[in-house]
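Working notes, beginning with the structure itself.
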2 protein chains.
Amino acid sequence: MKALLCSHGQVRLADVAKPVPGSQEALIKVTMAGICNTDLEVLSGYREFNGILGHEFVGVVESDPLGELTGKRVVGSITVFCGECWHCRRDEANLCLNRTTIGINDRDGAFAEYMALPRHNLHVVPAQLSDMEAVLIEPLAAGMRVAEQVHIRPDHTVAVLGDGKLGLLSAKVLSAGGSNVTVVGKHRDKLSLASAMGLSAALSDHFTGPADVVLDCTGSLSGLETAIKLVRSGGTIVLKTTVSGMYNIDLSEVVVREIRLVGSRCGPFASTLALMERHDLELSGMVEAVYPLDQGVEAFNHARRKGSLKILLKV
Amino acid sequence: MKALLCSHGQVRLADVAKPVPGSQEALIKVTMAGICNTDLEVLSGYREFNGILGHEFVGVVESDPLGELTGKRVVGSITVFCGECWHCRRDEANLCLNRTTIGINDRDGAFAEYMALPRHNLHVVPAQLSDMEAVLIEPLAAGMRVAEQVHIRPDHTVAVLGDGKLGLLSAKVLSAGGSNVTVVGKHRDKLSLASAMGLSAALSDHFTGPADVVLDCTGSLSGLETAIKLVRSGGTIVLKTTVSGMYNIDLSEVVVREIRLVGSRCGPFASTLALMERHDLELSGMVEAVYPLDQGVEAFNHARRKGSLKILLKV
């Protein structure tokens, strides 16, 4: 089958063997996949990964050991957990000590015609969601994770720093969940898109806070310092992106103003799909281009352009 | 009256006017006071304070506008709040936007024969507590604050990094409150003291964690990095001390392992006194020396010695 491989920091199209699913795994025919900034980081050497790239996908189950998922359209959560470690026994599969992560860490990913994944990772996509909406489930769930971790009250204000893909999608989920969210960014075109998506948006020069909750989705080392300035005393900053490099930062304000910092990783697919079923998230503006898998290298080149929105692969 | 002044970074004994209490303030005859590391930082220029030093004290009320506190032995919380700002209206007096702090920020402190303080800052000391125990209320309450902010469950392990005064006292409070606490430090004498106080103690080279909750009481820039190593995924790090200087730190583990960082400041006096009433905290080993106020400069010199325990002033 055709697949996009990461080998030694380069992405290339290759012909590889179709995966053979394990006893608890389903075989999925991938129909659409999305390029994430993490894929670009993987190519830059994050996690020293060599294999099939990609962790955002939607597909149709071709075979399921129990049969019930066969023929169903599914998305799949990206962390494959062991089910037996300290965290798994505490229902914290997200933090599994033996986890692999599709397309990132010790497990082939979704930029291919087929992939195998444990059937308990899969979630059936509601009929009214298009493939183009469903393929955005992973970054949307990452936004949903914030609402699992932080008690955002109806009287709270939430500032999402960063008007990139993760910022806009996180803002959209929290807003649909009832929170009072403002996207704070530096790019007028992105903030216009935020407005078109029904979000409140502000240029960072004009936004002074204080906000009860600040999400740092900037992907930049300066994001945390800005977040500390904008969060209220006693408020919460959510670190939503890993940033490569070292922070050089004064944290005394965190102590004196009793600020909380919360690291936040992947989120729940089931509740995010349920939210998407209840609310039209108006996501069409998020997609900048769709490439066939054959043109995957070109798709990656496009995704690398600064400020690009979501680039999808049609398989 | 006699008082220890901080003027331009120097501590000196001076004769100053006895304070005149405001309409809602009590006048307190100070009987004992404690030197805190923050007092040394104030002398080093933290907060640019000039005035009477000191925020740890016990005394007897000489006059109270409502009369009921007159003659009572009291301690006093160090933050004087406005009662009207955004935080005060939300019962977050600790974070008052217009706060002054005795002996630290815009308000004279306790190293004097008398001090004036709003009566609602005062708490009557239970009869069975000695002055020497009561004067430790402020750092003990700072430890109690952790239990207000973080839900420490009975099955959780707590590691207190730092075997200095704040570490030992915080560990003692959390331990008395029922938590499973280990003091992790570098000084065999301090760890012996911890054991003598009934605490579990470990040399940092021998302690590998993971702990559910880690308190950073090291006062050092390296404390946070150690805390990140020792906390479990999904666990909580409490930043208990302001550290002067800039952290140079990689926070990607905080995101990937979903760690929480909680800034923690002053704590509640009432509940801490109640805890001290219920439990003998065995604090006598914490006091290294008692000086008369007249020898305050010598007391400060003693307190500056690296690794010194609590130095008290008898007024």
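Here are the numbers for this structure:
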| read-out | value |
| --- | --- |
| The range A:261-279: number of residues that are out of contact with any helix residue (DSSP H, G or I) (no Cβ under 9 Å at 6 or more places or on another chain) and either assigned to a loop (DSSP other than H, G, I, E, B) or within 14 Å of chain B (Cβ to nearest Cβ) (or both) | 0 |
| Which numbered condition B:Asp212 fails, given (1) charged (D, E, K, R); (2) in a strand (DSSP E or B); (3) out of contact with any Lys or Arg (no Cβ under 8 Å at 6 or more places or on another chain) | (3) |
| Among residues of the range B:45-80, those that are within 18 Å of the chain's Cα centre (by Cα) and part of a loop (DSSP other than H, G, I, E, B), counted | 5 |
| Failed item in (1) surrounded by fewer than 21 Cβ atoms within 10 Å (Cβ to Cβ); (2) away from chain B (no Cβ under 14 Å); (3) not basic (Lys, Arg), with A:Leu313 passing the rest | (1) |
| Scope the range A:226-246; condition facing chain B (nearest Cβ under 7 Å) and surrounded by fewer than 18 Cβ atoms within 10 Å (Cβ to Cβ); matching residues | A:Met246 |
| Some residue of the range B:48-62 being among the charged types (D, E, K, R), in contact (Cβ under 8 Å) with a residue 40 or more places away in the chain and buried (at least 23 other Cβ atoms within 10 Å of the Cβ) | yes |
| Qualifying residue in the range A:137-148 (condition: hydrophobic (A, V, I, L, M, F, W, C), touching a Cys at 6+ places or on another chain (Cβ under 8 Å) and under 28 Å from A:Leu312 (Cα atoms)) | yes |
| Unique match (being outside any helix (DSSP H, G or I), surrounded by 20 or more Cβ atoms within 10 Å (Cβ to Cβ) and not β-branched (Val, Ile, Thr)) among B:Glu288, B:Glu258 | B:Glu258 |
| Contacts under 9 angstrom Cβ, first residue in the range A:278-303 being on the phi > 0 side of the Ramachandran plot, partner surrounded by fewer than 19 Cβ atoms within 10 Å (Cβ to Cβ) and among the aliphatic types (A, V, I, L, M), 6 or more apart | A:Glu282/A:Ala196 |
| Among the residues listed as A:Met115, A:Met132, the single one being in the same structural domain as A:Ser23 (by TED's automatic domain parsing) and buried (at least 22 other Cβ atoms within 10 Å of the Cβ) | A:Met115 |
| Sole exception among (1) away from chain B (no Cβ under 14 Å); (2) more than 19 Å from A:Lys306 (Cβ to Cβ); (3) in a helix (DSSP H, G or I); (4) not β-branched (Val, Ile, Thr) for A:Asp189, by number | (2) |
| Total residues in the range A:11-44, condition assigned to a strand (DSSP E or B) and surrounded by 19 or more Cβ atoms within 10 Å (Cβ to Cβ) | 10 |
| For A:Ala159: the one exception among (1) within 14 Å of chain B (Cβ to nearest Cβ); (2) under 15 Å from A:Ala194 (Cβ atoms) | (1) |
| Selection within the range A:66-80 - within 21 Å of A:Val20 (Cβ to Cβ) and surrounded by 16 or more Cβ atoms within 10 Å (Cβ to Cβ) | A:Leu69, A:Lys72, A:Val74, A:Gly76, A:Ile78, A:Val80 |
| Residue in the range B:215-222 that is over 20 Å from the mean Cα position of the chain (by Cα), modelled with pLDDT of 95 or more and within 12 Å of chain A (Cβ to nearest Cβ) present | no |
| Residue list for the range B:231-255, restricted to those being in a strand (DSSP E or B), touching a helix residue (DSSP H, G or I) at 6+ places or on another chain (Cβ under 7 Å) and free of Cβ contacts under 8 Å to residues at least 60 places away in the same chain | B:Ser233, B:Gly234, B:Ile237, B:Leu239, B:Tyr247, B:Ile249 |
| Total residues in the range B:192-214, condition within 20 Å of the chain's Cα centre (by Cα) and either at pLDDT below 95 or closer than 21 Å to B:Glu282 by Cα (or both) | 4 |
| Sole exception among (1) within 16 Å of A:Val124 (Cβ to Cβ); (2) in contact with a Gly (Cβ under 8 Å, 6 or more places away or on another chain) for A:Gly71, by number | (2) |
| So A:Ser23, is it within 14 Å of A:Leu117 (Cα to Cα), in contact (Cβ under 8 Å) with a residue 40 or more places away in the chain and out of contact with any strand residue (DSSP E or B) (no Cβ under 9 Å at 6 or more places or on another chain) | yes |
| Among residues of the range A:209-240, those that are of a type in the set (Ser, Thr, Tyr) and in contact with a strand residue (DSSP E or B) (Cβ under 7 Å, 6 or more places away or on another chain), counted | 3 |
| Residue within the range A:247-263 that is modelled with pLDDT of 95 or more and more than 30 Å from B:Thr100 (Cβ to Cβ) present | yes |
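For (1) within 12 Å of chain A (Cβ to nearest Cβ); (2) touching a helix residue (DSSP H, G or I) at 6+ places or on another chain (Cβ under 9 Å), each residue gets a yes or a no:
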position: B:Phe57; (1), (2): no, yes
position: B:Glu62; (1), (2): no, no
position: B:Ile78; (1), (2): no, yes
position: B:His87; (1), (2): yes, yes
position: B:Arg90; (1), (2): yes, no
position: B:Thr101; (1), (2): yes, yes
position: B:Asp106; (1), (2): no, yes
position: B:Glu113; (1), (2): no, yes
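Residue-by-condition table, conditions (1) modelled with pLDDT of 95 or more; (2) outside the structural domain of A:Asp212 (by TED's automatic domain parsing); (3) not in a helix (DSSP H, G or I):
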| position | (1), (2), (3) |
| --- | --- |
| A:Ala110 | yes, yes, yes |
| A:Ala147 | yes, no, no |
| A:Asp163 | yes, no, yes |
| A:Ala171 | yes, no, no |
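The values are calculated or read from the model by the stated rules, or taken from the named source; none is laboratory data. No experiment lies behind these values; they were computed from the predicted model shown. Counting neighbours? That spans all protein chains shown, and the Cβs are built from the backbone with ideal geometry, glycine included.
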